[in-house]
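Taking it in order: structure first as structure tokens, then the write-up.
The values are calculated or read from the model by the stated rules, or taken from the named source; none is laboratory data. All values derive from a computational prediction rather than experimental measurement. Cβ sites come from the backbone with ideal geometry, for glycine too, and all protein chains shown count toward neighbours.
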Amino acid sequence: MDATTLPRLAVTAGEPAGVGPELVARLAASDCAADLVAITDKALLRRAASASGVVLDIVDDDGKRIASRPPGRIRVRHVPLAVAESPGHPDPRNARHVLDMLALAADGCLAGEFDGVVTGPVQKSSINDAGIPFSGHTEFFAERASAEVVMMLAGPRLRVTLATTHLPLSAVPSAVTPALLERTLRIVRTALASLFGIPQPRIAVLGLNPHAGEGGHMGHEEIDTIVPVLERLRAEGMELLGPLPADTAFVPAMRDRYDAVLAMYHDQALPVLKSEAFDSTVNVTLGLPFIRTSVDHGTALDRAGTGTANPASLFSATHLAMDLARQRRQS
Ligand SMILES: NC(=O)c1ccc[n+]([C@@H]2O[C@H](COP(=O)([O-])OP(=O)(O)OC[C@H]3O[C@@H](n4cnc5c(N)ncnc54)[C@H](O)[C@@H]3O)[C@@H](O)[C@H]2O)c1
Ligand SMILES: N[C@H](C(=O)O)[C@H](O)COP(=O)(O)O
């Protein structure tokens, strides 16, 4: 990417029976000033455009960088479906198709063919039903890039990062180790500085137990694991708040005291963010050697094929990827 060309972004359509393909069609129809390369099945994208009432000019990707893109024109890397989609009904026979899209996008980013990847939602259970271990894009891209990563969901007023991602709740306490917390906090601090322009970020760290353990009366992970890590990193100069009780960490009086929150597990913090800004929140993978952003919502199977899904989160994810790509070009 140089100053005259658009950020070149791979956009994966996700689960073919979900709303992802329709949202990609809506994005392609918009005037978004990015060189969008849809990673999907071409016929699926045509059907999704038709369901969404948009007209697209779909062409094969020739790999060349471009300086402008007329609304509706979309280049495609064709990844064939195994079986035609049935909106609302994921078919595990298409699991390989979904993973092939992710692999193509990741490898293209690693090779410098794309400036980043924006992902549509996948139905994890359908991939698992095909007998393939898979817990999310975050873990897939981390493995593909051999990187240590952190999941962040960033909304207009709140950024949340997770110490653990897609684990059963019963596995969380033993997964929250000093090494994990230290590594996670270092990745979060570096990313807040390099991607979000906050040189000395303030990070609020949640406890694991109710009321952050209530001084050891409601659990010991805070005293045994979290506090020693925070003390060690504070001694290095990191600005860390906590461990805070999760139930009050998000109240208005606390919000201006931090730039991001580190939660111990998925459902400790994501419901807060998704209930206040479902339309505009973006999932960002921190720590990868390439830019990866995503919608904050799932496959919305109840809306698939109806053309009624809201594209706002995909638009936000694409705009953030464009900003990050331009920033990377300038640095
Ligand atoms: N980025 C991702 O790949 C991603 C993110 C979250 C969930 N998921 C997966 O999605 C699947 C379904 O998850 P879920 O049912 O918990 O969440 P969901 O986000 O798919 O649906 C929750 C509710 O929000 C609505 N909704 C979601 N997106 C919408 C949109 N763009 N416009 C209008 N309404 C929308 C749905 O219709 C539904 O009522 C699961 O397999 C989950 O793992 C994937
Ligand atoms: N945890 C994410 C969320 O709730 O929005 C979602 O499952 C997607 O995760 P990946 O980006 O790792 O697929």
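With the condition kept exactly as written, say whether any residue in region 102-123 is more than 14 Å from ligand 1 (Cβ to nearest atom), within 17 Å of PRO16 (Cα to Cα), in a helix (DSSP H, G or I) and not assigned by TED's automatic domain parsing to the domain that holds LEU262. Yes - at least one qualifying residue is present in region 102-123.
Close contacts from region 305-327, counting a first residue that is assigned to a loop (DSSP other than H, G, I, E, B) and a second that is among the polar types (S, T, N, Q), with Cβ to Cβ under 7 Å and a gap of 6+ residues or different chains, come to GLY307/SER52.
Restricting attention to region 297-315, the residues being more than 7 Å from ligand 1 (Cβ to nearest atom) and crowded, with 23+ Cβ neighbours inside 10 Å number 2.
Taking the conditions exactly as written (over 19 Å from THR299 (Cα atoms), within 13 Å of ligand 2 (Cβ to nearest atom) and of a type in the set (A, V, I, L, M)), does ALA106 satisfy them or not? Yes: the conditions hold for ALA106. Restricting ALA33, ALA28, ALA95, ALA48 to residues that are in contact with a strand residue (DSSP E or B) (Cβ under 8 Å, 6 or more places away or on another chain) and in the same structural domain as GLY108 (by TED's automatic domain parsing) narrows the list to ALA28. When PHE141, PHE134, PHE196 are checked against the criterion of being within 15 Å of the chain's Cα centre (by Cα) and among the aromatic types (Phe, Trp, Tyr), PHE141 stands alone in meeting it. Could you list, in sequence order, all residues of region 253-267 that are crowded, with 17+ Cβ neighbours inside 10 Å and within 12 Å of ligand 2 (Cβ to nearest atom)? Residues satisfying the conditions are ALA263, TYR265, HIS266. The condition (being under 28 Å from the mean Cα position of the chain (by Cα) and not aromatic (Phe, Trp, Tyr)) is satisfied by just one residue among PRO228, PRO243: PRO243. THR190 satisfies every condition listed in (1) surrounded by fewer than 14 Cβ atoms within 10 Å (Cβ to Cβ); (2) closer than 29 Å to ALA253 by Cβ except (1).
Given the structure, is LEU36 in contact (Cβ under 8 Å) with a residue 40 or more places away in the chain, in a helix (DSSP H, G or I) and not hydroxyl-bearing (Ser, Thr, Tyr)? For LEU36, the condition - in contact (Cβ under 8 Å) with a residue 40 or more places away in the chain, in a helix (DSSP H, G or I) and not hydroxyl-bearing (Ser, Thr, Tyr) - is not met. Contact annotation: residue pairs with Cβ atoms under 7 Å, 6 or more positions apart or on different chains, pairing a residue in region 207-230 that is farther than 12 Å from ALA246 by Cβ with a partner that is β-branched (Val, Ile, Thr) and assigned to a helix (DSSP H, G or I), are GLY216/ILE223.
From the list GLY305, GLY207, GLY298, the one residue that fits, being closer than 26 Å to GLY20 by Cβ, within 25 Å of the chain's Cα centre (by Cα) and at pLDDT 95 or above, is GLY298. Cβ-Cβ contacts under 8 Å between residues 6 or more apart (or on different chains), taken from a first residue in region 112-126 that is free of Cβ contacts under 8 Å to residues at least 60 places away in the same chain to a second residue that is buried (at least 24 other Cβ atoms within 10 Å of the Cβ), are listed as SER125/PRO90.
Among (1) surrounded by 16 or more Cβ atoms within 10 Å (Cβ to Cβ); (2) modelled with pLDDT of 95 or more, there is one condition ARG93 misses while meeting the rest; what is its number? Evaluating ARG93 over (1) surrounded by 16 or more Cβ atoms within 10 Å (Cβ to Cβ); (2) modelled with pLDDT of 95 or more leaves (1) as the failure. Of all the residues in region 278-295, those that are surrounded by fewer than 23 Cβ atoms within 10 Å (Cβ to Cβ), modelled with pLDDT of 95 or more and within 11 Å of ligand 2 (Cβ to nearest atom) number 0. Considering LEU273, LEU233, LEU240, which residue is within 17 Å of THR164 (Cβ to Cβ) and crowded, with 17+ Cβ neighbours inside 10 Å? Sole residue among the options that is within 17 Å of THR164 (Cβ to Cβ) and crowded, with 17+ Cβ neighbours inside 10 Å: LEU273. Each residue in region 140-166 was checked for being more than 26 Å from TYR258 (Cβ to Cβ) and either more than 11 Å from ligand 2 (Cβ to nearest atom) or of a type in the set (D, E, K, R) (or both), and 4 of them qualify.
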